[in-house]
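Structure, as structure tokens:
Please treat every number below as a calculation from the coordinates, not as lab data. If you're wondering where the values come from, they're calculated on a predicted model, not measured in any experiment.
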């Protein structure tokens, strides 16, 4: 099989970017304000929210998590979002997903001021990305692109397959790859012969949330694989959407789970918050 794949270290790259950002924040003359809104006690998002809050405080942000009970109504949540939109101390608003079933996710995300939408989920920011205009880019897709850059992957003209078409990862990462001149195929649950689509790819971004979906024989020799999936395996361990052990011996590079894309998502959230803060101040 030859050499093992390069394993891009998302944790180390994220730490370097957070350290550089902390230096930048120290020279701003103000503390960027980040508010994370969490409704209920979804266990998976709990760890993520704590990590975000710790990273933001370490970077010198004015950061707080607003924890609301599971029974919070949609109207109450929308009222809170409006207050945060109007609060001059708040530069970035992040509504943690998933929301309880009785709250319409789209209604809440649409209510966030696009200039404070540090998750990049508002239609204004998603539209800007699709049109190639400036805006706040979704954090995980931006992290994917930075990992590809770190792995020194040449994107121009490369055949890329994005497995997954969500508005959170699949569609925005496809738009970013297109902007970098890759030739992009977006595959999904209705794609015929998904394995063949993947085998043709020089770059695979797996973002469907199905453990081990992408098998070893789906991945071409020397292909670059970015695994966005975070799933709980039968043994309780975190695993990705790619069967790592089947791929690592012949891929050119593959990101690990955990320690690959996840830490980059938080680093990009902090960078988006600084971008939003400077944008609000006309900088």
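Express in whole angstrom the spacing between the alpha-carbon centres of the stretch 193-213 and the stretch 226-283.
The stretch 193-213 and the stretch 226-283 have Cα centres spaced 16 Å from each other.
Where a ≥ b ≥ c are the square roots of the eigenvalues of the C-alpha gyration tensor, would you call the stretch 30-116 rounded, which needs a/c under 1.5, or, failing that, prolate if a/b is larger than b/c, or oblate?
Oblate.
Taking the Cα centre of each part, how many Å lie between the stretch 153-186 and the stretch 86-112?
Each part's Cα centre sits 27 Å from the other's.
Can you give me the relative contact order of the stretch 138-261 as a percent, contacts being Cα pairs under 8 Å and 6 or more apart?
So the answer I get is 22 percent.
May I ask you to derive the relative contact order of the chain, considering only C-alpha pairs under 8 Å and at least 6 residues apart, and to give it as an integer percent?
23
Let me check I have the definition right: for the stretch 157-207, take the eigenvalues of the Cα gyration tensor, multiply each by 5, take square roots. What are those semi-axes in whole Å, largest first?
16, 14, 7
Assuming a ≥ b ≥ c are the square roots of the Cα gyration tensor eigenvalues, decide whether the stretch 203-247 counts as rounded (a/c under 1.5), prolate (otherwise, with a/b larger than b/c) or oblate.
prolate
Rounded, prolate or oblate: which fits the stretch 138-261, taking a ≥ b ≥ c as square roots of the Cα gyration tensor eigenvalues, rounded meaning a/c under 1.5, else prolate when a/b beats b/c?
Because its axes are fairly even, with a/c under 1.5, the stretch 138-261 counts as rounded.
Looking only at the chain, where both bridge partners belong to it, what percent of the DSSP beta bridges are antiparallel (to the nearest 5)?
Once the DSSP bridges in the chain are tallied, antiparallel ones form about 5 percent.
Suppose only helical runs count, i.e. DSSP H with n ≥ 4. What mean residue ellipticity at 222 nm does that imply for the chain under -39500 (n - 2.57) per run, divided by all residues and rounded to the nearest 500 deg cm²/dmol?
Calculated from helices alone, the mean residue ellipticity at 222 nm is -12500 deg cm²/dmol.
Sorted from largest down, what three extents in whole angstroms do the Cα atoms of the stretch 64-181 have along their principal axes?
48, 31, 24
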